[in-house]
Amino acid sequence: MSSRIRITDTTLRDGSHPMRHAYTVQQVEDVVRALDGTGVSLIEVTHGDGLGGSSLQYGMSHVPELELIERAVAVSESTDIGVLLLPGVGTRRDLKAAADLGVKAVRIATHCTEADISQQHFAAAQELGLEPIGFLMMSHMIEPAQLAEQAALMAGYGATCVYIVDSAGALVPAGVRDRVAALAEVVPEVAFHGHNNLGLAVGNTIAAVEAGATRIDGCLRGLGAGAGNAATELLAAVLHQSGIDTGFDVFGLSDAAEQVVQPFMPFQPFPDRESLALGFAGVYSTFLLHAKRHSERLGIDPRDVLVELGRRKAVAGQEDWIVDVAGEIAAAQAADLATGASAS
Amino acid sequence: MTTGATRVAIIGTGNIGTDLLMKLRGSETMEVACFAGIDPASEGIARAKDLGVPVSSDGLDGVLEADVKVVFDATSAGAHRSHAPRLEQAGIFAVDLTPAHIGPLVVPAVNLDEHLSGTNVNLITCGGQATIPIVHALDRVAPLKYAEMVSTIASLSAGPGTRQNIDEFTRTTSGALQQVGGAAAGKAIMVLNPADPPILMGNTLFAVPEDPAIDEEALRASVDRMVEQVSRYVPGYRLKVEPVIDRQWTPWGERTVVIVLLQVEGAGDFLPPYAGNLDIMTAAACQVGERWVQVQREGLVAA
């Protein structure tokens with residue numbers, strides 16, 4: 001087991017989902033200041049769906065992300081700022097704009113089977129002098145060996161590290177260990193990003209570390225999509241209890257969670273019945289709030305929508321399918337009602 | 001040989017070129033006088049030969065020798081950049097299916113006739129062909145402040161060209177939502193879905209009208225009319241559900257958002273039906289050719 005574990009805090013990126021992309025400059029500055037010096041090695045600041053994610057499909061940013069990134073870079077004294085980029089959503093032009101503001105790393109995210117759409121973005125990241133990190137979303141959907149093939153593609157494009165991203169919070173520890181072991185054979189460094197839809201974000205992350213992952217993700221107070229991510233402050237404490245000397249300021253992080261993030265959180269992400277359905281059906285965590293909104297509009301159970309999206313094998317970024325599926329379920333239920341009414 | 005059919009050529013013998021060949025073989029106004037590539041051993045060349053289509057493995061040189069009026073270029077942006085000036089010099093009308101963007105951007109149901117007197121037209125992207133007609137249909141009834149399209153295609157139907165140039169897809173398409181569709185601002189997103197069996201190409205359009213007070217009935221009627229018009233040359237083009245009128249937060253405040261879900265089922269001429277993204281490109285190309293020939297003939301009659 002490695003003793004040097006690096007944490008990326010993504011409160012200001014994954015947390016953008018529960019915040020409905022409405023982070024203010026003040027909130028971003030406060031979070032960055034609170035994290036700076038606690039031992040976290042990278043702070044990710046971007047729209048929840050990465051650079052250029054501000055859209056009607058995913059939700060529009062209230063403050064342009066470049067403005068937030070610029071402020072984060074300005075107030076951070078010792079911690080690097082990173083960004084997320086999903087090819088197909090953001091472009092190299094967006095990456096260049098972020099690089100010009102002084103970010104140091106980019107996580108390039110694709111669906112776990114589609115690594116080969118990221119080649120031009122890895123090349124651009126290297127040209128811009130950014131650390132290029134791979135991010136394979138919905139990693140539960142394919143077997144470890146197949147995931148390793150995709151990770152190897154990213155390593156071939158220059159990734160210094162590749163993340164197993166449990167976007168649906170659907171993995172259990174055994175599945176995490178198998179995937180870490182498979183990737184360790186083919187990439188320089190393995191990393192893990194968990195969601196708490198089955199209550200396993202911290203447990204899965206520790207399983208990943210035990211299996212050899214050396215980079216992990218957290219959000220203060222677990223503020224992320226679905227039931228949230230592993231809480232950064234908990235990761236720091238649990239690593240310490242596991243006998244891994246990481247040098248994280250556990251109380252500093254828990255102060256940041258309690259005093260800075262908790263007051264502005266719209267709700268505490270938790271594996272409630274809808275989030276549990278995400279993990280159970282293997283559905284992208286970000287779909288949660290969109291599914292709730294459209295289900296409410298049509299008077300249906302969001303769990304039915306989420307389960308159907310899982311059955312259709314929706315991938316990251318397909319929020320528009322929610323409109324379609326919710327519409328179909330509502331129409332089918334109306335038809336059932338009508339049939340029932342005429343029969344009685 | 002069909003008497004009176006206009007001689008045309010296809011350059012590029014991959015999936016797109018071959019699917020286009022199948023479509024053009026059904027045309028009464030055009031005759032494929034040359035199917036050209038650069039690899040004599042390619043599957044596309046062999047298939048065309050079997051069908052009795054004249055083939056060439058001399059690339060553009062073969063095409064220039066074939067005495068044709070229209071060339072469909074299904075190669076790559078780089079290759080088309082070198083083909084375009086030579087085609088223009090030879091007085092041949094070029095229908096560009098690559099992202100080279102040398103000629104004006106064209107969507108047959110929206111602006112084709114404006115550009116038929118030129119020498120080169122570009123067909124944008126598959127997602128552009130699918131969504132720009134709807135942008136135009138909405139914009140003509142309720143001018144749009146913003147239009148955003150999301151194209152979801154089956155992983156299997158995205159070849160290496162698409163995969164290595166995904167930024168070009170989003171950039172070209174978002175520009176065309178404005179330039180051709182008429183929206184004041186545009187954004188494009190592409191998602192690949194690897195589900196097995198493969199999903200049909202889906203396109204979703206989100207649009208924000210300038211004026212929040214919209215005439216829903218007029219919007220729906222305009223969309224229906226446009227879907228009917230596009231489906232005349234892309235038979236598998238349809239609305240997935242009735243347009244949804246939603247409200248969302250935008251930088252311009254809480255606004256009315258029109259959501260239109262479209263599906264494109266390919267005709268299955270050569271490529272499988274799920275590859276509606278490729279089908280809509282070849283169908284659009286075919287329509288450009290048909291219309292060009294028609295206008296040429298009517299022009300001749302008129303003169």
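No value in this document is a laboratory result; all are computed from the given coordinates. Quick caveat: nothing in here was measured; it's all calculated off a predicted structure. Using ideal geometry, Cβ is built from the backbone for each residue, glycine included, and neighbour counts are taken over all protein chains shown.
For this structure, a couple of remarks:
- Electrostatic bookkeeping for B:VAL63 treats Lys and Arg as +1 and Asp and Glu as -1; over the other residues with beta carbon under 11 Å from its beta carbon, the sum is -3.
- Distance from region B:184-221 to region B:229-301 (C-alpha centre basis), Å: 12
- Relative contact order of chain B, pairs being alpha-carbon contacts under 8 Å that are 6 or more residues apart, as %: 17
- A full extension of the chain between B:GLU28 and B:GLN164 corresponds to an added length of 45.3 nm, given 0.36 nm per residue minus the alpha carbon distance.
- Total lysine pairs in the protein assembly as shown at Cα distances under 19 Å, for residues eight or more apart or on different chains: 7.
- Inter-chain Cβ neighbour count for A:310-321, averaged per residue, equals 5 (cutoff 10 Å, partner chain atoms only).
- When only alpha carbons are used to place a centre, region A:304-331 and region A:71-105 end up 32 Å from one another.
- Principal-axis tilt of helix B:77-89 within chain B, Cα atoms, nearest 10 degrees: 60
- Cut-off 12 Å between beta-carbons: net charge of the residues surrounding B:GLY268, Lys and Arg +1, Asp and Glu -1: -3
- When chain A is treated as a GNM with alpha-carbon contacts under 10 Å, the residue of A:LEU183, A:LEU223, A:LEU234 showing the greatest mean-square fluctuation is A:LEU234.
- Region B:135-181-region A:153-171 distance, computed between alpha-carbon centres (Å): 28
- Taking θ as phi - 60° and the Karplus parameters 6.51, -1.76 and 1.60, the scalar couplings of region B:189-195 work out to 10, 10, 10, 9, 10, x, 3 Hz in sequence order, x denoting glycine and proline.
- For region A:1-83, relative contact order (Cα pairs under 8 Å, six or more residues apart, normalised by length) works out to 38 percent.
- At q = 0.06, 0.15 Å⁻¹, base-10 log of I(q)/I(0) for chain A (Debye sum, equal scatterers on each alpha carbon): -0.20, -1.23
- For B:VAL257, the residues 5 or more places off, or on other chains, whose built amide H falls under 5 Å of its own are B:ASP246, B:ARG247, B:GLN248.
- Annotation: amide H of A:PHE135 within the under-5 Å range of A:ILE108, A:THR110, A:TYR163, sequence separation 5 or more or interchain, hydrogens built in the peptide plane.
- Taking chain A as a Gaussian network of alpha-carbon nodes connected by springs under 10 Å, the highest mean-square fluctuation of the residues A:GLU296, A:GLU44, A:GLU149 belongs to A:GLU296.
- Shielding by partners - mean other protein chain Cβ count within 10 Å, residues of A:33-40: 0
- Taking amide H as placed 1.01 Å from N in the peptide plane, B:ASN120 has its amide H under 5 Å from the amide H of B:ALA94, each at least 5 places away in sequence or on another chain.
- Taken residue by residue and averaged, Cβ atoms of other chains lying within 10 Å of the Cβ of B:159-167 number 5.
- Computed 3J(HN,Hα) for region B:5-10, one whole-Hz value per residue from the Karplus formula 6.51 cos²θ - 1.76 cosθ + 1.60 where θ = phi - 60°, is 6, 7, 7, 10, 9, 10, glycine and proline marked x.
- Calculated mean residue ellipticity, 222 nm, chain B: -12000 deg cm²/dmol, from DSSP H runs (n ≥ 4) at -39500 (n - 2.57) each, averaged per residue and rounded to 500.
- Here the residues A:ARG4, A:ARG179, B:ARG47, ranked from fewest to most Cβ neighbours within 10 Å of their Cβ, fall in the order A:ARG4, B:ARG47, A:ARG179.
- The orientation-averaged projection of the convex hull spanning the C-alpha atoms of the protein assembly as shown amounts to 31.4 square nanometres.
- Relative contact order [Cα under 8 Å, 6+ residues apart], chain A, whole percent: 16
- Net charge over other residues, Cβ less than 11 angstrom from the Cβ of A:SER55 (K, R count +1; D, E count -1): -3
- Protection-proxy order for peptides B:128-138, B:194-204, each taking the mean of Cβ atoms within 10 Å per residue, highest first: B:128-138, B:194-204
- Inverse of mean 1/r across different Cα pairs in chain B, Kirkwood, Å: 19.6
- For region A:280-293, Karplus couplings with θ = phi - 60° (6.51, -1.76, 1.60), whole Hz, Gly/Pro x: 5, 8, x, 10, 3, 4, 5, 5, 3, 5, 5, 5, 4, 5
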